[in-house]
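Data block below; observations after.
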Amino acid sequence: MPFTPSYQHLLSTGELSARARRLEQMLTPCRVCPLLCGIDRLNGETARCHTGYLPVVSSYTPHFGEEPPLTGAGGVGNIFFGNCNLRCDYCQNHLISQNHADEEQHEVTISRLAGMMLELESEGCSSIGLVSPSHVVPQIVLALEQAARQGLDIPLVYNTNAYDSLEALQLLEGIVDIYLPDLKYSDPEMGMRYSHVPDYVRIARAAVGEMRRQVGPDLVMGEDALVKRGLIIRHLVLPNDIAGSRESLRWIRDELGADATLSVMAQYYPEHRGRTMPLLDRKIRESEYERVLAYLEALGMENGWAQQYESAEYYRPEFARRERPFAGPADNRE
């Protein structure tokens, strides 16, 4: 049968509107993400993420570099939200995630955000990709309500760093069809040292577990052979095993099952402050990446994709070019 996003059902029952209002109230005092800033964003105060009530959209565009069964011929309609609740020293998107003064000029109204979703659908995108959404969940759902009333009818991809509030995620049940978290670390000390947030491992693992509870263990495919519902866990391999890849992969296997769908990424390259940090100032070695892939095989985990080792050479967004930040060669996943 043709796929209908679950948020359309919630719209028809009035539940989508109710969720939007409940999420909006989380802005005052702010508890939208695990940092629990406690300030009044509903009335214009700015949180640690440097975002007030209005969301910042740094770029929105069809993107053809996501995992193959997400992308399709029309690409994912990615909306890149400016600012972030993490401060990763090596962030490849640092021009929009940590360049706060410049990003203020890219604030948009809720209605404009809804319009972006509809524009991307009209361009033929297979889904709406919400990139770095953790700090603007209420604004996203408020905009979604408007867009859904105007006919938006494609899945939402929640593309996150996994430092997400359980309260907010629970209110997204039945709204988000596809979760795409990046499980960054297996040691909380690394989360504090390189992303500057406390308790990353416990919070991210709880968030991924909640995502799994909502959408189940299997990817649901549509008639067009694209994913319509499910969880894909990304893991970026970092130099000197800063990510603790073996421990993260073992946790996924033990807690979520060997059938979990993974996307293992080799695209790390020194960026932002990482260029001058001793353990981050180089790409990963091929031997480091091969060890991670070998361990993945030893765990018996076969569902998903692994980037080609050479991907660090060409997967480099340029957000100075707002309209087409990924104008170079497409990502290459096997």
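Derivation of every value follows stated rules applied to the coordinates shown; laboratory data play no part. These numbers come from a predicted model, not from an experiment. Cβ placement follows ideal geometry from the backbone for every residue including glycine, while neighbour counts extend to all protein chains displayed.
For this structure, a couple of remarks:
- For the peptides 16-22, 136-142, the ranking by packing is 136-142, 16-22, with the highest mean count of neighbouring Cβ atoms within 10 Å listed first.
- With bins 10 Å wide beginning at 0, the percent of Cα pairs of the range 1-141 falling in each bin runs 12, 37, 36, 14, 1.
- Quotient of C-alpha Rg and 2.2 N^0.38 Å, computed over the range 238-312: 1.15
- Potential lengthening between residue 224 and residue 283 on full extension [0.36 nm per residue; Cα-Cα distance subtracted]: 17.6 nm
- Summed over all non-identical Cα pairs, the Kirkwood treatment of the chain gives a radius of 19.9 Å.
- In angstrom, the C-alpha Rg and Dmax of the range 57-134 are 13.1, 36.
- Fraction of beta bridges assigned by DSSP in the range 6-313 that are antiparallel (%, nearest 5): 30
- Convex hull volume per residue, computed on the Cα atoms of the range 111-219, equals 106 Å³.
- Set of the range 168-208 residues, backbone N closer than 20 Å to the point 7 Å along the Cα-Cβ line of residue 276: 193-196
- Whole-angstrom gap from the range 118-153 to the range 165-215, using each part's C-alpha centre: 21
- The range 219-304: GluC sites (Glu not before Pro) in DSSP loop, at most 13 other beta carbons within 10 Å: 223, 302
- Separation of alpha-carbon centers, the range 47-98 and the range 241-299, rounded to whole Å: 21
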